[in-house]
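Reading through the structure tokens given below for one structure.
The values are calculated or read from the model by the stated rules, or taken from the named source; none is laboratory data. Predicted model, so just to flag it, every value in this text is computed and none were measured. Ideal geometry is used to build each Cβ from the backbone, glycine not excepted, and the neighbour counts take in all protein chains shown.
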Amino acid sequence: MPLPLCLTLLSIGIALRQADRLHFAHRRPRTAPAAELIAHQRRRANDVTPTLLLAGQWIQIAGWWALAAHGVLTAAIAAVAVAVHFRHLQEISHFAVHGVLARTARANLLLAEVFAHHPLALAPVPDRRRRHVRDHHPNAAVPHADPNLAELYATGLRRGITRTAFALAVLHPLTPRGIQATLTTIAAVLRRSPARTATVLALAGAACLLGGPHALIAGLLVPRLLLYPQLAWCSLLAEHTWFDPDPRTGPSAWVEAGRCLRLYPRNRPLATLAATTWLPYGDLHHYAHSAHPGLRWNYLPALERHLTPPHFTPTGLFLGRPSVTHRHYRALTRHLTPITPQAVQQHHNLY
């Protein structure tokens, strides 16, 4: 495909995505309590702009597939770009799981399945809803109750971990063990769903048609099997202070402030980069989302300004003492027993 047509596809995809952003930005307050923002969200809810948003993501992916055929450099760029789009699709469908992407429950389910879960070979949306909404949200960072914490444990992130094992766990999706886990999960999903298998095969055919083998490898296989899983894994690491939360009771925002974190609170360039790549659609504002899961991503910054900051506001993901990974490593090597509300009370009783 000629280069101008590739750029046209990318431009059309970007333009379609703006419809949803502009629609929900209409008369949006800069800061407000959750009740006011939810009321505003309900007035703007619709099924059209979310469809355009998701269609725009795939039109851009098609543009990157076509661009991948123009050389090794463009193929490498396409691999990263498509991985970012896959991460975006995962996060958009996350809000569909919470029932706030589109206006109706049926539209939320249909959009998530058609545009994200089927083409990315993800588990059925109802399964994800049970795991995420029912099991994770009420039990975030709670041992033996949070499935996300169990997933972290399974990679070796446990008390007394060595530095080498910790580094491998942080890069888990890129390790042989992580790649095998990704392939095993995808294979299990496809075996249970002929519709997903057909969708993935059609996707591979479309990639080959638009960009040949370069698009299939750099535009589909490498992003889905390597880069996108690592982006999603980094997002998971940066959601909570998994291994040393501050146990609290009281209002939801207060509880979540004790087990969530907010990355790049004072570094706007890095925050913008994260929000457009690996922490998209409100994932940078995970604390505000945890406090009020029924709020769409468009309103999380306004809610966050209304809330007190969480107990940990790191300046980076990997580098420096105030980074996310440094805190995780320190928690795993310093504390030999899980922190529980009972342990905190016993500590207070000593003084």
* Asked: residue 257 versus (1) closer than 30 Å to residue 54 by Cα; (2) of a type in the set (A, V, I, L, M); (3) touching a helix residue (DSSP H, G or I) at 6+ places or on another chain (Cβ under 8 Å): which is the lone unmet condition?
  -> (1)
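Matching residues to (1) over 23 Å from residue 108 (Cα atoms); (2) crowded, with 18+ Cβ neighbours inside 10 Å; (3) among the β-branched types (Val, Ile, Thr):
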{"position": "4", "(1), (2), (3)": "yes, no, no"}
{"position": "7", "(1), (2), (3)": "yes, no, no"}
{"position": "10", "(1), (2), (3)": "yes, yes, no"}
{"position": "20", "(1), (2), (3)": "no, yes, no"}
{"position": "29", "(1), (2), (3)": "yes, no, no"}
{"position": "43", "(1), (2), (3)": "no, no, no"}
{"position": "47", "(1), (2), (3)": "no, no, no"}
{"position": "72", "(1), (2), (3)": "yes, no, yes"}
* Only one residue in 77, 59 is among the β-branched types (Val, Ile, Thr), more than 30 Å from residue 307 (Cα to Cα) and buried (at least 17 other Cβ atoms within 10 Å of the Cβ). Which one? -> 59
* What number of residues within segment 260-297 are over 19 Å from residue 85 (Cβ atoms), in contact with a helix residue (DSSP H, G or I) (Cβ under 6 Å, 6 or more places away or on another chain), in contact (Cβ under 8 Å) with a residue 40 or more places away in the chain and in a helix (DSSP H, G or I)? -> 2
* **Failed item, numbered, when residue 181 is tested on (1) small (Gly, Ala, Ser); (2) touching a residue at least 12 places away in the same chain (Cβ under 8 Å); (3) part of a helix (DSSP H, G or I); (4) over 26 Å from residue 57 (Cα atoms)** => (2)
* Structure fact -> Looking across segment 95-110 at residues that are surrounded by 22 or more Cβ atoms within 10 Å (Cβ to Cβ) and of a type outside the set (A, V, I, L, M), the single one that is farthest from residue 284 (Cα to Cα) is 108
* Going by the conditions given, is residue 224 touching a Pro at 6+ places or on another chain (Cβ under 7 Å), in contact (Cβ under 8 Å) with a residue 40 or more places away in the chain and among the basic types (Lys, Arg)? -> no
* **Condition met for residue 315 (under 30 Å from residue 168 (Cα atoms), touching a Pro at 6+ places or on another chain (Cβ under 8 Å) and either surrounded by 14 or more Cβ atoms within 10 Å (Cβ to Cβ) or at pLDDT 95 or above (or both))** => yes
* Asked: When you go through (1) assigned to a helix (DSSP H, G or I); (2) in contact (Cβ under 8 Å) with a residue 24 or more places away in the chain; (3) buried (at least 18 other Cβ atoms within 10 Å of the Cβ); (4) not β-branched (Val, Ile, Thr) one by one for residue 216, which number turns out not to apply?
  -> (2)
* To do: Quick one: which residue in 327, 296, 262, 334 is modelled with pLDDT under 95 and either within 17 Å of the chain's Cα centre (by Cα) or farther than 29 Å from residue 129 by Cβ (or both)?
  => 334
* Starting from segment 67-85, keep only residues that are over 13 Å from residue 226 (Cα atoms), then list their pairs with residues that are surrounded by 24 or more Cβ atoms within 10 Å (Cβ to Cβ) and among the β-branched types (Val, Ile, Thr) whose Cβ atoms are within a distance under 8 Å, requiring at least 6 positions of separation or different chains. => 85/61
* Among 192, 196, which is the only one that is of a type in the set (D, E, K, R), surrounded by fewer than 20 Cβ atoms within 10 Å (Cβ to Cβ) and farther than 22 Å from residue 77 by Cα? -> 192
* Considering segment 273-298 alone, what residues qualify as being more than 20 Å from residue 89 (Cβ to Cβ), out of contact with any Gly (no Cβ under 8 Å at 6 or more places or on another chain) and either of a type in the set (S, T, N, Q) or surrounded by fewer than 18 Cβ atoms within 10 Å (Cβ to Cβ) (or both)? -> 290
